[in-house]
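Below you'll find the structure, written out as structure tokens, and then a few comments.
The values are calculated or read from the model by the stated rules, or taken from the named source; none is laboratory data. Quick caveat: nothing in here was measured; it's all calculated off a predicted structure. Glycine also receives a Cβ, built like all others from the backbone with ideal geometry; neighbour counts cover every protein chain displayed.
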Amino acid sequence: MQVETRIREKLNEAFSPVELKILNDSQKHAGHAAMQGAANTGETHFSITIVSERFAGRPRVERHRMVYEVLAEELAGPVHALAVAAQTPDEQGNGR
């Protein structure tokens, strides 16, 4: 199974997001050490935007920790970098 597909499935299951965008940024990092070698799948750098009620009342750092916990297996293996924007539906579009 592709890394992006696993990420999508895990985040959907854990957060039931009203919006989930996953952008594979790996091609922007072609010269980085993580992109070298046979183990490189071309799926090492991602940006995620996730909007879920599960983030309500939680500070940004805690929201990121929640996402990292769900994706611990991917972060320990194929994923080298993960940028996260986690919002509630009320915050969406307010720039928070």
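Among the residues of segment 66-96, count how many are charged (D, E, K, R), in a loop (DSSP other than H, G, I, E, B) and either under 19 Å from ASN24 (Cβ atoms) or in contact with a strand residue (DSSP E or B) (Cβ under 6 Å, 6 or more places away or on another chain) (or both).
0
Kindly establish whether ARG63 is within 23 Å of ASN24 (Cβ to Cβ) and among the basic types (Lys, Arg).
Considered against the rule, which asks whether it is within 23 Å of ASN24 (Cβ to Cβ) and among the basic types (Lys, Arg), ARG63 comes out as yes.
Among the residues in segment 15-22, are any modelled with pLDDT of 90 or more and part of a helix (DSSP H, G or I)?
Yes, segment 15-22 has at least one match.
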